[in-house]
Number of protein chains: 2
Amino acid sequence: MSDHELKELLKEYGYKFTEQRNAVLSMLFEHMDGHLSTEEIYEAVKKTYPEIGISTVYRTLLLLVRIGLVSKLDLDDGFNRYELVKQNEDHRHHHLICNQCGMIQEVQEDLLNALEEQILLKNKFLVNDHRVKFYGLCENCRSRN
Amino acid sequence: MSDHELKELLKEYGYKFTEQRNAVLSMLFEHMDGHLSTEEIYEAVKKTYPEIGISTVYRTLLLLVRIGLVSKLDLDDGFNRYELVKQNEDHRHHHLICNQCGMIQEVQEDLLNALEEQILLKNKFLVNDHRVKFYGLCENCRSRN
DNA sequence: ATTCATGCAAATCGTTTGCAACCCA
DNA sequence: TGGGTTGCAAACGATTTGCATGAAT
């Protein structure tokens, strides 16, 4: 995402473009694969923008979630974690979490349509998003045992 | 669950049976349907056991999760919430969360087997548990609009 | 008798907030 | 210029911990 695109998106929501916001977002693009906590994001952004305050990072992450560029992730470790929302992603992807080594892998396939249809029929509940985490053993840990 | 059953289970894990632990668990049985925060559990337990301290409630909930009687729930509201694990529940049930009124409903059907099989084939990841939350509109809110 | 559990208060720690200085539009 | 934004430090709030007392085995 270019500076200009970010600027336009911010303007749509009535926010201003700043170097800090740009620095946080750029850093997230450099760690596409990561599921970073606020502290980790703060430490990484400081490398290119040493004056940034941690409250700015907190505020920026809330803002990026609000404008739909980032989503919050909960891995039950007491930290809020964040990841970029990929383009063309309508539903959130799923996460595989290895109970042994902690590895996190993503599953882009959705495959919940049948379940969501059944929920509509039986519970009269109309699903429009979901959060799915699978816990188990990754390939490495399985072969190690 | 009887006092005796709890006592036995605690002994298996090397823990002692106490009135406080019993009071917290009994209280959860009286609110089978609830998804209570630690503070709410503390307030409710105080009605039958006024001397209990909140740190005992925190410690007891961790213990009940550890011995498999209770599971932690994350509803993104800044509180840890807890619910009893139902008998014969191998996988966790799913939660429906209404974006409009906040209602929480449970879905006992699993229906993730096909997806978990595909994950085993494509990601070589062996799933043994999952956490699934669906966000959307409940029946009441849908008819209100 | 020994070991573990409790209750209280203090400490911890991630996160939020008040505010003066600052910067984008 | 004017209002959103920042960085700092202080406040907050849920949770954890140290410790002396108390209860369970």
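The values are calculated or read from the model by the stated rules, or taken from the named source; none is laboratory data. Keep in mind that this is a model prediction, so the values were computed, not measured. Neighbour counts are summed over all protein chains in view; Cβ atoms, including those assigned to glycine, are modelled from backbone coordinates with ideal geometry.
With the structure loaded, tell me whether B:Tyr15 is modelled with pLDDT of 95 or more and more than 14 Å from chain A (Cβ to nearest Cβ) or whether it fails that test.
yes
Across the range B:119-145, what is the total count of residues that are facing another protein chain (nearest Cβ under 7 Å), over 19 Å from A:Gly102 (Cα atoms) and in a helix (DSSP H, G or I)?
Number of matching residues: 2.
State the number of residues belonging to the range B:43-76 that are in contact (Cβ under 8 Å) with a residue 40 or more places away in the chain and either basic (Lys, Arg) or within 12 Å of DNA strand C (Cβ to nearest atom) (or both).
The total comes to 5.
I need every pair where a residue in the range B:4-15 that is within 10 Å of DNA strand C (Cβ to nearest atom) has its Cβ under 7 Å from the Cβ of a residue that is in a helix (DSSP H, G or I), sequence separation at least 6 or different chains.
Going by the 7 Å Cβ cut-off, the qualifying pairs are B:Tyr15/B:Leu63.
Go through (1) more than 16 Å from DNA strand D (Cβ to nearest atom); (2) assigned to a loop (DSSP other than H, G, I, E, B) and name the single condition A:Asp76 misses.
A:Asp76 satisfies every listed condition except (1).
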